[in-house]
Protein chains: 2
Amino acid sequence: MPIYAAPLKDMQFVLHDVLKVSEQEIPGFEDLDRDFTAAVLEESGKLASEVLLPLNMVGDTEGCTLENGVVRTPKGFDEAFRLMREGGWTAMDCDPDYGGQGLPYVMHTAAQEPFVSANMAFNMYQGLTHGAYSAIHIHGSEEQKQTYLPKLTTCEWTGTMNLTEPHCGTDLGLMRTKAEPQDDGTYKVTGQKIFISAGDHDLAENIIHLVLAKIPGGPEGIKGVSLFIVPKFLVNEDGSLGDRNGVTCGKLEEKMGIHGNATCVMNYDGATGYLIGEAHKGMRAMFTMMNEARLGVGLQGYAQAEIAFQNAVAYANDRLQGRDVTGAKNPEGPADPLIVHPDIRRNLMDQKSFVEGARAFTYWGASLIDRAHKNKDADAEGLISLMTPVIKGFLTDKGFEYAAAAQQVYGGHGYIEEWGMSQYARDARITQIYEGANGVQALDLVGRKLAADNGKHVMAFFEMVKAFVKDNSRDEAFDAAYLEPLKAASKQLQEAGMYFMAEGMKNPHNALAGSYDFMHMMGHVCLGLMWGRMAVAAKVALDAGTEDPDFYQAKLATARYYMARQLPACAMHLARIKSGAEPVMALEAASF
Amino acid sequence: MPIYAAPLKDMQFVLHDVLKVSEQEIPGFEDLDRDFTAAVLEESGKLASEVLLPLNMVGDTEGCTLENGVVRTPKGFDEAFRLMREGGWTAMDCDPDYGGQGLPYVMHTAAQEPFVSANMAFNMYQGLTHGAYSAIHIHGSEEQKQTYLPKLTTCEWTGTMNLTEPHCGTDLGLMRTKAEPQDDGTYKVTGQKIFISAGDHDLAENIIHLVLAKIPGGPEGIKGVSLFIVPKFLVNEDGSLGDRNGVTCGKLEEKMGIHGNATCVMNYDGATGYLIGEAHKGMRAMFTMMNEARLGVGLQGYAQAEIAFQNAVAYANDRLQGRDVTGAKNPEGPADPLIVHPDIRRNLMDQKSFVEGARAFTYWGASLIDRAHKNKDADAEGLISLMTPVIKGFLTDKGFEYAAAAQQVYGGHGYIEEWGMSQYARDARITQIYEGANGVQALDLVGRKLAADNGKHVMAFFEMVKAFVKDNSRDEAFDAAYLEPLKAASKQLQEAGMYFMAEGMKNPHNALAGSYDFMHMMGHVCLGLMWGRMAVAAKVALDAGTEDPDFYQAKLATARYYMARQLPACAMHLARIKSGAEPVMALEAASF
């Protein structure tokens, strides 16, 4: 059976040694002291290991079913969902005015990680509800908030996001679902939406669909899209549930993974809908939630790599096969454990250095969201907008890559479903696709975010790296191991940016053909910065005479690995970028 | 529905323009003229597209079943297997003395490619039979050959390879299956073998298991392993089938992919076995087949990427989404096809340049096997032994990577099983694992093959690249695009080899920690050499006034892409290698 234990020490290290959350001047952060976050994360980890983990393979094997119009989730999901609700886990960062606990988003993010590692498909039911909560919280009327938010906060009702249609995903301007205004101020929504996660299920008494649709007669294309609330059951004025609305699940999709989550074709047949915010401004409402939603998907990417890594380490310590070439390490046994072999170690270090770097990056991103929202800090907003496609695109690409790498440690057993390793790779695969496929993230980064506010935010990021390197110089050995590689990688990233500016002016294809490489390069520089910070924090703790030197020494060793073995990818991406659009675009479409 | 058409022009290009097979002084190659190979490949492609492709998804969905001790393959497999047998496809390169057609291995390899692309799981039934055929052909007694080969050649009987046991895969010295000698010269084989592909099924009247086992009292460990023939049904002296032997399928594994192939737990309970070759020399018998078997797995890797690529191209041309940033390419339509977008193009070019390079590498490898066997050419034998781990490890790693990349082109549809893209990735995933996990390939390459015959073969390879670059210099533009990048990459590879020699002497971990990177680096140099050869061949054809200039121009463009966009990976791998073992081995096992 697969194992999972929340990496509490690592999580605490990021929150306190690196981000120093309780010292940040952000409202609410003063409460995030070590004891408090430890207590929260320990409980979250317990729920993850004891309740969610045992259901992960059940969800994969059973999947969801649709019979006579009723969608059922796998055995045990309802009870687990009740425990999650009752533990208050769904309300953590929600607005206290609507039943939430009002904790910082960074606390919510850290608390979610174990749930996502232990059972990603299950946790999506609350994750999507959180998205719907945010949309209504930011854009809804007070009446809408009063009606829906308290129930979404507790997940008594769950939420969905309805964007994609059969013929359009990324290009939502092609959307056909229409919303016809009625005399009473409501709309009749008609059309088909696909790939609707948690579109229907038996975990909640009502489902609040957020649906993008076009009001007939509005502007063409993407500018004519509006956002609507379409509840599965209409809500009476007293808050009780009324009639079944005209929305049904037409089909469940058979997918590569996340079988425990019901991915639905949703049919809207004159369903009653309520406009959120202004007409034709639906995309804006969607976009304001994207930083959070995409950060959540980035977290899914590395969280799947985390559980896969934990199992790979356990197997590598357990499985006896071959001998260390420099001499037996387990001479009493018939063979040495796999972990003695340098290539197994190389693989595990790749995984470890990624996952821990990704965690720091994600929590940092979450703290930027808090700073942007709670301090109304435009610089923080600009920075997290810049980082969002990197968090989403890079962490999910690598998350899938390393989930598969962990599977490889198991040899043939990794391919057999009963060992559980295949599921992490299959589940992680969706994170590269949904919430904007990673190619679209790269386009967003290079085509939009780099140049936003005249490039102010990317310049600020480069300055941040520069200042970090300058401020933390210690001695030649430290600088060579932990700072110089970061500095070099950051310079290469700047060089790529300069190339885009110069050559992209001549032909935008020169920038877009390198967008994917740039996203990965920037991901490496961000994780390099995180590892630089973690190395400094570890040094500080060791210098101060920590009682746990092994832990901090391991951080230094892992930082060294990332610098030496992962950052060299930047030069490769730069070379690819600087070869320009010509090799990419040379072939006619017919010649492929 | 997924599509597949055998890439006949590309295959012919490799065989004739690049390898010039009919001009090679290898027995049998003189018959391989353009018309002959075209006729063979066209028929192979037809069978693949018309018969095997429609069964690919059926096999994935239905899988195999085990009921009352009987293993059944998916619907339609038996009829398809009959067609494959009757078409003579299983006998192509087999010895005419035992019913084979005696064609070169390179012809067999090319003819197999469409089958593997169209339905990898199905084609494994004959692929494993071919492996068993080879083992008996090389190591069996004349009586054994007469008894088994004619039936294996036609696949009236199929074969299996039984190596792995629950507690040992790579480290076969730990094996427990025993073979006790009987008075009549036979052995009683007892033990359990796992992961036995095609271990039992309903496609053939008999199954010939090749089983590694230990004769009690023999040498300890790997030196005490012998190879046995254990037929499912004993064969009477007149060739008719006799009693059921004591071997049964205990279980079918649930796997990530290749569901159409029965992966069996095989229980041997005093089954009658016949020693092949000498006692305790079983590993040697296994190793002599490995070049072929591993080349076949490398082919599986790129062949899955090929079919995934074909479908991705079709989808990218068909799906309308967004507009070319430099101006609409499909102004009459609601949007442009995906293929106008530079990042989609980047992805497709990655796939295309890999698949075509991999095909050339594999066919070249197959021709080296022919040269080694038919000309008794020790240099060719040494070279293909060196290349084998690269063909297996690199082509399967990249095959999986690009099958997943093709899936990405489909966006959300790529994750839905009914579109078929998930299956290519799931099926390709096994190729990285079986026939020696890729980490073991890297170990074989760096720990064994590099130093074989005092490094003679790797030096010969470097000389080959050097001579190619020197002999094919044309003009500055050609050299810069097609030769210089290869030269640089080859130098980096040599530098890595020098590093291993110098630092591996001090500590072998310095070499082994870089083994995986070296395998990939060498893969890139090999594909770079292939693209160099293809570019030269394309130039020659264009200079000669070919009637199909578009085809050859596309080869040049794709070669340029590989040189500019793929070879830069070599510098990254070199940097990783030269960071040595320290960052890899710094952590104690307990600190992971």
Requested in this report: Could you identify the single residue in A:Gly322, A:Gly327 that is more than 9 Å from chain B (Cβ to nearest Cβ) and not hydrophobic (A, V, I, L, M, F, W, C)?
Outcome: A:Gly327
Query raised in the report: Can A:Lys491 be described as open to solvent by 10 Å² or more (accessible area, probe 1.4 Å), at pLDDT below 95 and under 25 Å from A:Ala581 (Cβ atoms)?
Result: no
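Yes or no, residue by residue, for (1) within 11 Å of another protein chain (Cβ to nearest Cβ); (2) under 17 Å from A:Ser422 (Cα atoms):
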site	(1), (2)
B:Gln423	yes, yes
B:Asp427	yes, yes
B:Gly439	yes, no
B:Leu443	yes, no
B:Lys456	no, no
B:Phe461	no, no
B:Met464	no, no
B:Lys470	no, no
Query - Enumeration of residues in the stretch B:504-530 that are among the hydrophobic types (A, V, I, L, M, F, W, C) and outside any helix (DSSP H, G or I) - result: B:Ala513
Query raised in the report: Regarding B:Phe354, is this residue among the aromatic types (Phe, Trp, Tyr), facing chain A (nearest Cβ under 9 Å) and within 22 Å of B:Val116 (Cα to Cα)?
Result: no
Requested in this report: For B:Arg34, state whether it is within 22 Å of B:Thr129 (Cα to Cα) and among the basic types (Lys, Arg).
Outcome: no
Requested in this report: Check B:Leu483, B:Leu493 and return the single one that is touching a Ser or Thr at 6+ places or on another chain (Cβ under 9 Å), aliphatic (A, V, I, L, M) and in a helix (DSSP H, G or I).
Outcome: B:Leu483
Query - Failed item in (1) away from chain B (no Cβ under 13 Å); (2) in contact (Cβ under 8 Å) with a residue 12 or more places away in the chain, with A:Ser240 passing the rest - result: (2)
Query raised in the report: Does A:Phe400 fit the bill of being open to solvent by less than 20 Å² (accessible area, probe 1.4 Å), within 9 Å of chain B (Cβ to nearest Cβ) and under 13 Å from the mean Cα position of the chain (by Cα)?
Result: yes
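Rundown of residues vs (1) touching a Phe, Trp or Tyr at 6+ places or on another chain (Cβ under 6 Å); (2) within 22 Å of B:Val18 (Cβ to Cβ); (3) touching a residue at least 40 places away in the same chain (Cβ under 8 Å), yes/no style:
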| site | (1), (2), (3) |
| --- | --- |
| B:His457 | no, yes, yes |
| B:Lys466 | no, yes, no |
| B:Ser473 | no, yes, no |
| B:Tyr482 | no, yes, yes |
| B:Lys487 | no, yes, no |
| B:Glu495 | no, no, yes |
| B:Ala511 | yes, no, yes |
| B:Gly514 | no, no, yes |
Query - Out of A:Leu47, A:Leu66, sole residue that is in a strand (DSSP E or B), closer than 24 Å to A:Tyr125 by Cβ and of a type outside the set (Lys, Arg) - result: A:Leu66
Query - Of all residues in the stretch A:445-454 being open to solvent by 40 Å² or more (accessible area, probe 1.4 Å), more than 8 Å from chain B (Cβ to nearest Cβ) and part of a helix (DSSP H, G or I), the one that is nearest to A:Asn162 (Cα to Cα) - result: A:Arg448
Query raised in the report: Would you say A:Ala335 is surrounded by 20 or more Cβ atoms within 10 Å (Cβ to Cβ) and not in a helix (DSSP H, G or I)?
Result: yes
**Report entry** All positions within the stretch A:143-174 that are among the hydroxyl-bearing types (Ser, Thr, Tyr) and in contact with a helix residue (DSSP H, G or I) (Cβ under 7 Å, 6 or more places away or on another chain)
**Finding:** A:Tyr148, A:Thr153, A:Thr154, A:Thr158, A:Thr160, A:Thr164, A:Thr170
**Report entry** Criterion: more than 20 Å from A:Cys249 (Cβ to Cβ), within 14 Å of chain B (Cβ to nearest Cβ) and touching a residue at least 24 places away in the same chain (Cβ under 8 Å) - qualifying residue of A:Lys214, A:Lys145
**Finding:** A:Lys214
Query - Hey, B:Glu205 over 27 Å from B:Ile433 (Cα atoms) and under 29 Å from the mean Cα position of the chain (by Cα) or not - result: yes
**Report entry** Check on A:Val340, touching a Lys or Arg at 6+ places or on another chain (Cβ under 6 Å) and at the interface with chain B (Cβ under 9 Å from one of its Cβ atoms)
**Finding:** yes
Query raised in the report: Only one of A:Glu381, A:Glu435 is of a type in the set (D, E, K, R), open to solvent by 10 Å² or more (accessible area, probe 1.4 Å) and assigned to a helix (DSSP H, G or I); which?
Result: A:Glu381
Query raised in the report: A:Asp550 versus (1) under 29 Å from B:His573 (Cα atoms); (2) within 10 Å of another protein chain (Cβ to nearest Cβ); (3) of a type outside the set (Ser, Thr, Tyr): which is the lone unmet condition?
Result: (1)
Requested in this report: Answer yes or no: is there a residue in the stretch B:117-140 that is open to solvent by 20 Å² or more (accessible area, probe 1.4 Å), closer than 15 Å to B:Asn206 by Cβ and touching a residue at least 40 places away in the same chain (Cβ under 8 Å).
Outcome: yes
**Report entry** Subset of the stretch B:243-278 (residues that are of a type outside the set (Gly, Ala, Ser), away from every other protein chain (no Cβ under 14 Å), open to solvent by less than 30 Å² (accessible area, probe 1.4 Å) and not in a strand (DSSP E or B))
**Finding:** B:Asn245
Query raised in the report: Residues A:Met563, A:Met585: which one is facing another protein chain (nearest Cβ under 10 Å), surrounded by fewer than 22 Cβ atoms within 10 Å (Cβ to Cβ) and aliphatic (A, V, I, L, M)?
Result: A:Met585
Query raised in the report: Given the conditions (1) part of a strand (DSSP E or B); (2) among the small types (Gly, Ala, Ser); (3) open to solvent by 10 Å² or more (accessible area, probe 1.4 Å), and given that A:Gly239 satisfies all but one, which numbered condition is not satisfied?
Result: (1)
Requested in this report: Can you work out which of the residues in the stretch B:279-324 that are more than 16 Å from B:Val390 (Cβ to Cβ) and hydroxyl-bearing (Ser, Thr, Tyr) is most open to solvent (accessible area, probe 1.4 Å)?
Outcome: B:Thr288
Report task. Output the residue which, of all residues in the stretch B:566-582 that are within 8 Å of chain A (Cβ to nearest Cβ) and not in a helix (DSSP H, G or I), is least open to solvent (accessible area, probe 1.4 Å). Result -> B:Ala581
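The values are calculated or read from the model by the stated rules, or taken from the named source; none is laboratory data. Source: prediction; values computed, not measured. Here Cβ is always computed from backbone atoms with ideal geometry, including for glycine, and neighbour counts include all displayed protein chains. Heavy atoms of the whole protein, side chains included, go into the accessibility calculation; ligands, DNA and RNA do not. Shrake-Rupley method; radii C 1.70, N 1.55, O 1.52, S 1.80 Å.
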